[in-house]
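The values are calculated or read from the model by the stated rules, or taken from the named source; none is laboratory data. Nothing here was measured: the structure is a model prediction, and the numbers come from that model. Just the protein is used for accessible areas: all its heavy atoms, side chains included, with ligands, DNA and RNA removed. Shrake-Rupley method; radii C 1.70, N 1.55, O 1.52, S 1.80 Å.
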Amino acid sequence: MGNLTDNNALFHLARNGELEATVEASAEELSLLKTGLQTEVQVLDQTTSGQIRLLSSQIDQTSRTGKVRIQLLKISNSSILVAW
């Protein structure tokens, strides 16, 4: 299960106005993920689907995590839980 990244924005507008979330995943989780993998994103009591768009090639040496960008369907809330 990925976590939201530090105090940066929860969502970003990506190409063509698509909504994107950036989360952090452990090095172990990153080894299991790949671009294009379908994800489920929980927004409070609603679940929507997403797709991994980008996996970071760098691992933070302190936290041992890397960033994952997930293309989301449009959602109206900013509190998310990501599971893959």
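Considering only the stretch 2-59, state which residues are on the phi > 0 side of the Ramachandran plot and either among the hydrophobic types (A, V, I, L, M, F, W, C) or at pLDDT 80 or above (or both). Within the stretch 2-59, GLY36, LEU44 meet the criteria. Across the stretch 75-84, which residue is modelled with the lowest pLDDT among those that are open to solvent by 30 Å² or more (accessible area, probe 1.4 Å) and of a type in the set (A, V, I, L, M)? Restricting to residues being open to solvent by 30 Å² or more (accessible area, probe 1.4 Å) and of a type in the set (A, V, I, L, M), the top hit is LEU81. Scanning the stretch 60-74 for residues that are modelled with pLDDT under 85 and under 16 Å from SER31 (Cα atoms) yields nothing.
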